[in-house]
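Trainee: I'd like to ask you about the structure that follows.
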Amino acid sequence: MTPGGWIYTASAVQEGTFMAEAEGSIIAIYLDHLALFNMAREGADIDERWGARHSVIPEIGTKGLVTIKAGEIPVTKKD
């Protein structure tokens, strides 16, 4: 996947349950209203567009590291 924009969408709490954790939906490449982060590029709302490359998926239980940091958004001044 090429670099692209992401947006923090904050998930939801329903009947005292934090839904991102309950659903395991932390970072989504397709539009998911329960995820903490959603991809903000064209086509993110088309779930069928995204698939896995099975040849590179590690075994279940493989440990990994995800780093999330704020990006710089250019500010446009209005005259």
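Trainee: Given points 7 Å out from each Cα along the Cα-Cβ axis, report the E72 to M19 separation in nanometres with one decimal.
Mentor: Here the modelled spin labels are 3.6 nm apart.
Trainee: Quick one: what are the phi-derived ³J(HN,Hα) couplings along the stretch 3-14, Karplus 6.51/-1.76/1.60 with θ = phi - 60°, whole Hz, x for glycine and proline?
Mentor: Result, rounded to whole Hz: x, x, x, 9, 9, 7, 10, 6, 6, 7, 10, 10.
Trainee: Here's a follow-up. Let me spell out the model: positive unit charges on the Cβ of Lys and Arg, negative unit charges on the Cβ of Asp and Glu, origin at the Cα centre of the chain. What dipole size does that give, in debye rounded to 20?
Mentor: So the dipole magnitude of the chain works out to roughly 400 debye.
Trainee: With point charges of +1 on the Cβ of Lys and Arg and -1 on the Cβ of Asp and Glu, referenced to the Cα centre of the chain, which listed residue (L34, I60, V13) lies farthest in the positive direction of the dipole?
Mentor: I60
Trainee: Roughly what would the spin-label model give for E48 and I7, points 7 Å off Cα along C-beta, in nm?
Mentor: Calculated label separation equals 2.4 nm.
Trainee: Explain nothing, just the number: relative contact order of the chain, from Cα pairs under 8 Å at least 6 residues apart, as a whole percent. Kindly include the intermediate steps, with their values, before the conclusion.
Mentor: On the way: 82 pairs, mean separation 18.1, N = 79.
It rounds to 23 percent for the chain.
Trainee: Another question, if that's okay. Which order results if M39, M19 are arranged by neighbouring Cβ count within 10 Å, fewest first? Let's see the in-between values first.
Mentor: Details: M39 21, M19 16.
Fewest-to-most ranking of M39, M19: M19, M39.
Trainee: I need L36, L65 ordered by Cβ neighbour count within 10 Å, fewest first.
Mentor: Details: L36 18, L65 4.
Least crowded to most crowded, the residues run L65, L36.
Trainee: Also, quick follow-up: Which cross-chain or sequence-distant (5 or more) residues have an amide H under 5 Å from the amide H of T9, H modelled 1.01 Å from N in plane?
Mentor: F37, N38
Trainee: Also, I was wondering about something else. With 10 angstrom as the radius, rank I26, I60 by how many other C-beta atoms surround their C-beta, starting from the fewest.
Mentor: On the way: I26 15, I60 5.
Ordered by Cβ neighbours within 10 Å, fewest first: I60, I26.
Quick note: the coordinates plus some simple rules give every number you see, no bench work behind them. Computed from a predicted structure; not experimentally measured. As a convention, Cβ positions derive from the backbone with ideal geometry for all residues, glycine included, and neighbour counts pool all protein chains shown.
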